[in-house]
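Reviewing the structure listed below.
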Amino acid sequence: MQPHHSATEPALIRAATGKQGDGPIPVWFMRQAGRSLPEYRKVREGTTMLQSCRDPELVTEITLQPVRRHGVDAAIFFSDIMVPLAAAGIDLDIVPGTGPVIAEPVRDAAAIRALPELEPDSLGFITDSVSMLVEQLGPVPLIGFAGAPFTLASYLVEGRPSRDYAHTKALMVSEPELWDELCAKLARISTTFLSAQAAAGARAVQLFDSWVGSLSAADYEEFVAAHSSTVLHRLAERFPTVPRIHFGVGTGELLAPMAAAGADVIGVDWRVPLAEAVRRTGGGHAVQGNLDPALLGAPWPVIADRVREVIRSGAVAPGHIFNLGHGVPPQTDPTVLTRIVELVHAEGAELRAEARAAAQKESVR
């Protein structure tokens, strides 16, 4: 089982830049390098998440594992969205079963102004890892990633994962100038982190705004969009040939402003059909997604039908990267992911071509 690449350009890059046409549909999975793989659990024994992310040899091995096992069309860099904050010197830990915990939550002007900048020379472990990976991946593209300013801010302000982001939203609406100061600093950190990965050879990048779906569209546009846009546009200026993917969970009502923020590809969770996401974003962006990860435990014929449904729905986009609508759940049987890759590779291009032809016929009626 081989990933789909042309002699000149990987399928992922062709899809991300709108050159896919009726060609192959690339497939990868968010959190493909993770606890669903027994080989991952084995190599992670005895190391914390932050320790693992700072070890280039371990990062390389973990990132390569799903490429070897599943034959996916891209590797996603093994790291954590909190790594750049830790590298900047912010005191935090990633607690098993809880998630990121900040030693001193950031909730006032003094704390925000005391936040350190992320210096590029503190990211040697990142550039070393990316360089090793690019050499070993060959034609398979590496996707770099970072957390978006809102999601990073939500962790810093709340101090830990939250259900309602009450402290974050209160700061955002009651002290908008201070909020902008915080997010501007975090936008610089995200940009520095993504730039280090792209400069070392990452072929695409994904900006994860994991928790932005907690906002209304009005609040997103007023308080958040400009900061994500800053990250995406700075990357576009520095690395114009590196496509940018923008993804958040629960963002069906935010898809249009997220698209306008400056990405090439809009990641879509499972709640909105891809065809509807294309309609909401104006039809000019590639899409990524969006099989419901909760369905991975269903019988194979059910999963296969849903995979085909996703492919048909995404056919109206100028490019479609097949993925889940969120990360791979830890309890997933990895053989199911391999079968999905095989199905997308075997049937994806034909299903896409048929659906595109049907849509064109419908449009001329």
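The values are calculated or read from the model by the stated rules, or taken from the named source; none is laboratory data. All values reported here derive from a predicted model rather than from experimental measurement. Every residue, glycine among them, receives a Cβ derived from its backbone with ideal geometry; neighbour counts consider all protein chains shown.
In this structure, does ILE126 turn out to be over 26 Å from ALA294 (Cβ atoms), touching a residue at least 60 places away in the same chain (Cβ under 8 Å) and under 22 Å from the mean Cα position of the chain (by Cα)? In short, yes. Filtering the range 55-77 to residues that are part of a helix (DSSP H, G or I), closer than 27 Å to GLU117 by Cα and in contact (Cβ under 8 Å) with a residue 60 or more places away in the chain leaves PRO56, GLU57, VAL59, THR60. Is it the case that the range 12-25 has a residue that's at pLDDT 95 or above, in contact with a helix residue (DSSP H, G or I) (Cβ under 9 Å, 6 or more places away or on another chain) and hydroxyl-bearing (Ser, Thr, Tyr)? Looking for residues that are at pLDDT 95 or above, in contact with a helix residue (DSSP H, G or I) (Cβ under 9 Å, 6 or more places away or on another chain) and hydroxyl-bearing (Ser, Thr, Tyr), one finds none in the range 12-25, hence no. Per the listing ALA217, ALA236, the residue uniquely among the small types (Gly, Ala, Ser), farther than 23 Å from ASP80 by Cα and surrounded by fewer than 19 Cβ atoms within 10 Å (Cβ to Cβ) is ALA217. Quick check, is ASP80 under 19 Å from GLY201 (Cα atoms) and either charged (D, E, K, R) or assigned to a loop (DSSP other than H, G, I, E, B) (or both)? Yes; evaluated as a whole, the condition is true for this residue.
In the range 320-336, the residues that are closer than 18 Å to ILE25 by Cβ reach residues that are modelled with pLDDT of 95 or more and of a type in the set (Lys, Arg) with C-beta atoms within less than 7 angstrom, at least six apart or across chains, in these pairs: HIS320/ARG352. Each residue in the range 317-333 was checked for being touching a Lys or Arg at 6+ places or on another chain (Cβ under 8 Å), of a type in the set (A, V, I, L, M) and closer than 16 Å to LEU351 by Cα, and 0 pass.
Residues are listed down the side, and each one gets a yes or a no for (1) out of contact with any Lys or Arg (no Cβ under 6 Å at 6 or more places or on another chain); (2) more than 24 Å from ALA355 (Cβ to Cβ); (3) buried (at least 16 other Cβ atoms within 10 Å of the Cβ); (4) among the hydroxyl-bearing types (Ser, Thr, Tyr):
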{"site": "GLY248", "(1), (2), (3), (4)": "yes, yes, yes, no"}
{"site": "PRO257", "(1), (2), (3), (4)": "yes, yes, yes, no"}
{"site": "ALA294", "(1), (2), (3), (4)": "yes, yes, no, no"}
{"site": "ALA315", "(1), (2), (3), (4)": "no, no, yes, no"}
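On inspection, ALA346 fails the criterion of being crowded, with 22+ Cβ neighbours inside 10 Å and assigned to a helix (DSSP H, G or I). For the range 14-51, the set of residues classified as in a loop (DSSP other than H, G, I, E, B) and over 30 Å from VAL95 (Cβ atoms) consists of THR17, GLY18, LYS19, GLN20, GLY21, ASP22, GLY23, PRO24, ILE25, PRO26, listed by residue number. Selection within the range 242-262: residues that are part of a strand (DSSP E or B) and not small (Gly, Ala, Ser). The member of this set that is farthest from LEU324 (Cα to Cα) is ARG244. Scan the range 312-340 for residues that are among the aliphatic types (A, V, I, L, M), within 16 Å of GLY23 (Cα to Cα) and within 19 Å of the chain's Cα centre (by Cα) and the total you get is 2. With respect to (1) in a strand (DSSP E or B); (2) among the hydrophobic types (A, V, I, L, M, F, W, C); (3) free of Cβ contacts under 8 Å to residues at least 60 places away in the same chain, the lone exception for ALA146 is condition (3). Across the range 176-215, what is the number of residues that are hydroxyl-bearing (Ser, Thr, Tyr) and in contact with a Leu (Cβ under 9 Å, 6 or more places away or on another chain)? The number of residues fulfilling the criteria is 4. Across the range 138-150, which residue is farthest from ALA225 (Cα to Cα) among those that are surrounded by fewer than 24 Cβ atoms within 10 Å (Cβ to Cβ) and under 19 Å from the mean Cα position of the chain (by Cα)? Once the filter is applied, the top-ranked residue is VAL140. All conditions but one from (1) over 17 Å from the mean Cα position of the chain (by Cα); (2) touching a residue at least 60 places away in the same chain (Cβ under 8 Å) apply to ALA202; the one that does not is (1).
Screening the range 83-97 for residues that are more than 21 Å from the chain's Cα centre (by Cα) and not in a strand (DSSP E or B) and picking the one that is surrounded by the fewest Cβ atoms within 10 Å (Cβ to Cβ) gives GLY97.
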